[in-house]
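Taking it in order: structure first as structure tokens, then the write-up.
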Amino acid sequence: MQASIRNSLALLLLGSNLGLFAEAETAPPPAAPPSGAPSFTPREHAWSIGASLRRLDIQADYNYEIKALAPNIDIGRGWVRPAWWSLVEISLMLGPNGQRLLDSPPLDFIGTGFRFRAGHALPGRQLRSPGGDLGLELGVEYNEWIARSYQDRTLSDGSVSSSWVVRSRWIFVQPALFYSLWQAPRPQGHKPEWITTRIEGVVFSLGFSVPVQSQMQASYVKAGEKQSVTDHWQGTLAFLSVTSWLGI
């Protein structure tokens, strides 16, 4: 009697184990992670500091004309994606200096501007290629200049020209070509090697500033009488800029 009970229990345990083994054999394997999925979320933002050189070739009525180079310093905040980048900048204009308009003493220029820029790699390309990236860039800028004289000028008729102040306001559209070099992206996080300050990339841009709207207001004293002129500048401004993107 006990032997038959033991045999029945053994058959029951064997049947259970065979059932579990068969279920394990027929169960689907665990799903694999999708191929190409990124292993981390990259940092997409950076500060920027750069310099640009602008070639002024502008004219206004009264034979006012400026042909000179104007250096600028640009500071901003940017975002980098796989195929495009964008940048918001504040520009500080540091010249030209010693320029003369008709009847004016030497004038020194200074100004500030606000600019938005965006660039996209060529079709079918992405940024961060080992050999660098070529692309198209488009910007919009608003800036104001002011030029002052710090000395007098004696004219050919013996009168004295002094106290010059020339104010200019511009809105530009800026088409350009760019070439960029980027380092590999770093993950978001707080590890020391991820937050150490470094140069994330460098962007070189070559283009034109096309005036959409401009205004020029000049005031000065000539032969003891105050004079004023209001007009619009015409012409183009070519520029070359170099921008370093700083990961901080």
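Short-range pairs are left out: with C-alpha atoms under 8 Å and at least six residues apart, the relative contact order of the stretch 101-223 is 28 percent.
Per residue, the average separation of C-alpha pairs within less than 8 Å and at least 6 apart gives the stretch 160-242 a relative contact order of 39 percent.
Computed on the stretch 51-102, with alpha-carbon pairs under 8 angstrom and 6+ residues apart, the relative contact order is 35 percent. Between GLN188 and THR41, ARG43, the built amide H atoms are under 5 Å apart, and every one of these is 5 or more places off in sequence or on another chain. PHE204 contributes about 80 Å² of solvent-accessible surface, heavy atoms of the protein only, 1.4 Å probe.
Size descriptor for the stretch 109-185, Kirkwood hydrodynamic radius: 16.3 Å (Cα pairs only, one decimal). How would you classify the stretch 146-248 from its alpha-carbon gyration tensor, with a ≥ b ≥ c the square roots of the eigenvalues: rounded for a/c under 1.5, else prolate if a/b is greater than b/c, otherwise oblate? The shape class here is prolate. Comparing Cα centroids, the stretch 177-248 and the stretch 60-137 end up 3 angstrom apart.
In the stretch 117-248, a dipole from Cβ-located charges (positive for Lys and Arg, negative for Asp and Glu) runs towards its positive end, and of MET216, VAL229, ILE199 it is ILE199 whose Cα lies farthest in that direction. With a Förster radius of 41 Å applied to the C-beta separation of VAL210 and GLU44, the computed FRET efficiency comes to 0.85.
Heavy-atom accessible area for ARG55, with the other protein chains in place and a 1.4 Å probe, reaches approximately 110 Å².
Taking only protein heavy atoms and a 1.4 Å probe, the accessible area of the stretch 89-226 is 60% carbon and sulfur.
Among the chymotrypsin sites (Phe, Trp or Tyr not before Pro) found in the stretch 150-196, those both in a DSSP coil and sparsely packed, with 15 or fewer other Cβ atoms within 10 Å of their Cβ, are TYR150.
The values are calculated or read from the model by the stated rules, or taken from the named source; none is laboratory data. Remember, it's a predicted structure, so these values are computed and weren't measured experimentally. Here the Cβ is made from the backbone with ideal geometry for all residues, glycine too, and neighbour counts use every protein chain on show. Areas reflect the complete protein model, heavy atoms only, side chains present, ligands, DNA and RNA absent. Shrake-Rupley method; radii C 1.70, N 1.55, O 1.52, S 1.80 Å.
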